[in-house]
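Colleague: Supplied in structure tokens, the structure appears directly below.
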Amino acid sequence: MGPVQANQRFVATTVLSVLVVLTSWLGVAAPRDAAALSVAAVIVVIGVSLLTASGFRRDHPVATRAVLSLVTVDVLVAASSFWSATVNSNLAIGAAMSIVLLGLSFLTGSSGQISIGNGAFMGVGAFTVAIWANHHTSTPIAVVLLLAVVAGGLVGLLLGLPATRLRGPYLAGMTLAFAVAFGAILNLFGSWTGGDSGLQLPYAVNAPPWVVHFYSSATSSLTVNSVWLADVAIVTTGVALFFMANLFASRTGRAMRLVRDNDVAAELVGISLPRARVVAFVVSAAYAALGGGLWTIINNAVTPSTYGFALSITILSLVVIGGIGTIPGAIIGGVIYAFSANVISWITAHTGLNPQGNVASQLNGIIFGVLLVVTILFAPMGIAGIVRRWFARRSR
Amino acid sequence: MSALLTSRNVADLLGGVTNGVIYSLVALSLVLVWRSTRILNFAQGAMAMIATYIGFAILAPSTNYWISMAVAIVAGMVLGGATERVIVRALYGKPEINPVVAMVGFLLVLESVAAAIWSTSSRGLPTPFSMVDWQLNHKPVAMSPFALYEIITAVVVMSIIAVLFEYTKLGLQLRAAAIAPEVSRLLGVRVGRMLTLGWMLSSGVGAITAVLVASNYFTGLTPTTMDGVFAFGFIAAAIGGLDSPVGALVSGVAMGVVLQFVGDYLNSNAIILVALGMLVVSLMLRPNGLFSAERQRRV
């Protein structure tokens, strides 16, 4: 690829990503309004016809990813206006988790490394948002989220530097130590982080007036705000997904997969191993921080106990069960997370367990732990891998 | 003389050694399985915790401390052997992240099951020796009968492991199976059995460590008691070199001492941050550890 072509592709990617952001935010205007819903439907129709047009997917890979992200976001945003506050809150939390999982999937899929500390990186983002918002109440929320991404990336860089020379379990152990240390680190900077009680956001991130306008005045503000928060999370996830899909397919992404599969060959064709490993680690930390930042906005507060060692293990479980190293795996993991609490309480209710008992409270960990071990032993590519194999067999 | 023994720095030194031998034991336990099976046992702390619960929660509270401890050690060794046979054996030759994921999953299962059976509230273990510091001219020396018991136990365990590996036929077979499995097999060593035995020894050391940690009045026994201890033990093992038992011991004690000074002079919340910093710096300088004989892998 010549420099001119590369330049054009960069411009095209930038223009398209701006378009994705703009139209996604327009899609947010969809709730329960006939005109808005028709706009959403038109976006879907145009998107699907583009995706099915002959040669489009082959000739315009970037546009294909943009359209795919856009249509998914559009459908979910339109649907969110019909869902209850509970479902929307689950959806928002799960969508943010998907972003975290995308980052971890990229780390493993591109460099063969694993992190057991991404819960702590989430915490970095979550506290960045809360601290910044408390000191600068006028900063737009999108900018605060970007700051969380930057903070996560920087901490990732600091911890990732040894990753240039480390292999496998050493790096995993180091990230584990970070996850275990995170609580003490928060306490060390207690005057900023609020110590054990954490921080409240000084303001609630509520639906802006132009969104409220779409609803009948009888709709409770709780419902409207839950839809808005879900939409913010979905749109952010859509943008994160779009960038990640391009990263996976880019020259960098391909170089990194070579690093994973055969690092000697990668070095021979001129790929800088240390750089590839650090970049993968920083990207995964930044994505985790974005997810954590969203959680702060969704919960309107942040508590240190959320970002303990257990969260890091949960993240690892989700990404492995969903399908490690793949984009669909990260999305599946997010969906599982969104509704795992409901499934657990359904099981508790139908097995007659005491809901306040020890067993019921540990059911989540037992199920995830067993699934994690079974998955890595018998289906290491997770649900995404099983589905892919099934389709491959059918098409043969 | 007595003023020196009760001084702040000597207190930090003694306290540091007491903590450090615990880190050394965890590190030793990790080194034992890393050398033989090239697997970093992330479930090490959780397995030891389960063994301690079996020794001290299933038996009646009135049971003699030493009998409970013996039961915990046996339970730990059985658990370690079973883990190697059932989970670890399926992981040999797989990509290097598979064992990491599997052992973290096992850790999650063990901690959740322990919490489901014994709840997450802390359980005090009987303490065989007083935890009150000895006095010198009415000033405390930072050393109690309990702390001395911890140090002596650690030294005894390390000596047993060292004698076993260096001076017995079994130890020779264990080392041979770890270093050259193919040749050892040709020479009649039951390599599979040796790997299982390596895991059993490691888990036995782990069980003793967890009993020592949980016997401490201030920590007690909870399903997650060993998380923090494991993190420090791993850091010690990684700094010393995962394939070097001597490195594990030296860096464990050294780290305990340094961190005790950090906690005393700086801030107790800075302890693990400093430990993490030490790990990052040492891994950047020597990725295989300070005491490792292994050559840096060239890529």
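Colleague: Extension gain B:Asn267-B:Thr127, at 0.36 nm per residue separation less the Cα-Cα distance, in nm?
Modeller: Answer, rounded to one decimal: 47.6 nm.
Colleague: In nanometres, what is the gap between the two model label sites at B:Glu166 and A:Asn300, each 7 Å from Cα along Cα-to-Cβ?
Modeller: 6.6
Colleague: Using 7 Å Cα-to-Cβ label points, what is the A:Phe339/B:Val86 separation (nm, one decimal)?
Modeller: 3.1
Colleague: Given the DSSP H assignment, sum -39500 (n - 2.57) over each helix run of at least 4 residues in chain A and divide by its residue total; what's the result at 222 nm in deg cm²/dmol, nearest 500?
Modeller: Result for chain A, helices only: -26000 deg cm²/dmol.
Colleague: Using the Kirkwood radius built from alpha carbon pairs, what does the Stokes-Einstein equation give as D for the stretch B:2-285 at 10 °C and 1.306 mPa s, in µm² per second?
Modeller: Taking Rh from Cα pairs, D becomes 82 µm²/s.
Colleague: Take peptides A:52-65, A:69-82 and line them up by average Cβ neighbours within 10 Å, highest first, as a rough protection proxy.
Modeller: A:69-82, A:52-65
Colleague: What ranking do B:135-147, A:220-232 get when scored by the average of other Cβ atoms within 10 Å per residue, highest first?
Modeller: A:220-232, B:135-147
Colleague: Suppose R0 equals 25 Å; then what is the FRET efficiency for A:Ser84 and A:Ala204 from their Cβ-Cβ distance, rounded to the nearest 0.05?
Modeller: Once rounded, the FRET efficiency stands at 0.85.
Colleague: Counting only protein heavy atoms and rolling a 1.4 Å probe, how much accessible area do A and B lose on contact, total for both sides, in Å² to 100?
Modeller: What A and B bury together is about 4200 Å².
Colleague: Follow-up question, since we're still on this one. Pairs of Cα atoms under 8 Å, at least six residues apart: use those to get the relative contact order of the stretch A:87-316, whole percent.
Modeller: 50
Colleague: Ok, one more. Take every Cα-Cα distance within the stretch A:287-332, group them into 10 Å bins from 0 onward, and report for each bin the whole-number percent of pairs it holds.
Modeller: Final binned percentages: 25, 48, 27, 1.
Colleague: Kindly report the accessible area of the protein assembly as shown per residue (heavy atoms of protein chains, probe 1.4 Å, no ligands, DNA or RNA), in Å².
Modeller: Here the per-residue accessible area is 43 Å².
Colleague: While we're here: Sorted by accessible area (1.4 Å probe), largest first, how do A:Leu157, B:Leu40 line up?
Modeller: A:Leu157, B:Leu40
Colleague: Taking every eigenvalue of the Cα gyration tensor of the protein assembly as shown, multiplying by 5 and rooting it, what semi-axes result, largest first, whole Å?
Modeller: Ellipsoid semi-axes (Å, largest first): 47, 29, 24.
Colleague: In addition: Remind me, relative contact order of chain B in percent, using alpha carbon pairs under 8 angstrom and six or more residues apart?
Modeller: 35 percent.
Colleague: Run the paramagnetic zone check for A:Ala349: 7 angstrom along Cα to Cβ, then residues of the stretch A:80-104 with backbone nitrogen under 20 Å.
Modeller: Zone members listed by number: A:83-91.
Colleague: Among the residues of the stretch A:172-220, which ones have their accessible area go down by 20 Å² or more when all the protein chains sit together, as opposed to their chain alone (1.4 Å probe)?
Modeller: A:Gly173, A:Met174, A:Leu176, A:Ala177, A:Val180, A:Ala181, A:Ala184, A:Ile185, A:Asn187, A:Leu188
Colleague: Just order A:373-380, B:227-234, A:204-211 by mean Cβ neighbour count inside 10 Å, highest at the front, would you?
Modeller: B:227-234, A:373-380, A:204-211
Colleague: Ordering B:Phe291, A:Phe368 by how much accessible area each has at a 1.4 Å probe, largest first, what is the list?
Modeller: B:Phe291, A:Phe368
Colleague: Which values, in whole Å and largest first, are the semi-axes of the equivalent ellipsoid of chain A obtained as the square root of 5 times each eigenvalue of the Cα gyration tensor?
Modeller: Whole-Å semi-axes of the equivalent ellipsoid: 30, 29, 23.
Colleague: Something else now. Would you calculate, for chain B, the mean residue ellipticity at 222 nm contributed by helices, counting each DSSP H stretch of 4 or more residues as -39,500 (n - 2.57) and dividing by all residues, to the nearest 500?
Modeller: That comes out to -23000 deg cm²/dmol.
Colleague: Also, quick follow-up: Within 10 Å of each Cβ in A:363-374, how many Cβ atoms from other chains are there, averaged over the peptide?
Modeller: Whole-number average of other-chain Cβ neighbours for A:363-374 is 6.
Colleague: Could you calculate the contour length gain from A:Val269 to A:Leu157, that is, 0.36 nm times the residue separation minus the distance between their Cα atoms, to one decimal place in nm?
Modeller: Answer, rounded to one decimal: 37.8 nm.
Colleague: Where the centre of each part is set by its Cα atoms, how far does the stretch A:323-372 sit from the stretch B:1-47, in angstrom?
Modeller: That distance is 36 Å.
Colleague: Step through the residues of the stretch B:59-64 one at a time and calculate ³J(HN,Hα) from phi using the Karplus curve (6.51 cos²θ - 1.76 cosθ + 1.60, θ = phi - 60°), rounding each to whole Hz and writing x for Gly and Pro.
Modeller: 5, 4, x, 7, 4, 4
Colleague: Report the relative contact order of the stretch B:37-111, percent, no decimals, based on alpha-carbon pairs under 8 angstrom and at least 6 residues apart.
Modeller: For the stretch B:37-111, the relative contact order is 48 percent.
Colleague: Taking a point 7 angstrom from the Cα of A:Leu51 along the C-beta vector, which residues in the stretch A:236-267 have backbone N less than 12 Å away?
Modeller: none
Colleague: Can you give the accessible area of A:Trp390, probe radius 1.4 Å, in Å² rounded to 10?
Modeller: 140
Colleague: Another one. Amide H to amide H under 5 Å from B:Leu136: which residues, 5+ apart in sequence or cross-chain, H placed 1.01 Å off N in plane?
Modeller: Amide H neighbours of B:Leu136, under 5 Å, 5+ apart: B:Val141.
Colleague: What is the ratio of the Cα radius of gyration of the stretch A:87-316 to 2.2 N^0.38 Å, where N is its residue count, to two decimals?
Modeller: 1.07
Colleague: Let me ask something else about it. Other chains near B:279-290: what is the mean number of their Cβ atoms within 10 Å of each residue's Cβ?
Modeller: Rounded to a whole number, the mean comes out at 4.
Colleague: Peptide A:157-166: average number of partner chain Cβ atoms within 10 Å per residue?
Modeller: That works out to 4 on average.
Colleague: Could you please state how large a percent of the accessible area of the protein assembly as shown is carbon and sulfur, counting protein chains only and using a 1.4 Å probe?
Modeller: Reported share for carbon and sulfur atoms: 68 percent.
The values are calculated or read from the model by the stated rules, or taken from the named source; none is laboratory data. Keep in mind that what you see is a predicted model, and the values were worked out from it rather than measured. Virtual Cβ from ideal backbone geometry, glycine too; neighbours counted across all protein chains shown. Note: accessible area is taken over every heavy atom of the protein model, side chains too, but ligands, DNA and RNA are not part of it. Shrake-Rupley method; radii C 1.70, N 1.55, O 1.52, S 1.80 Å.
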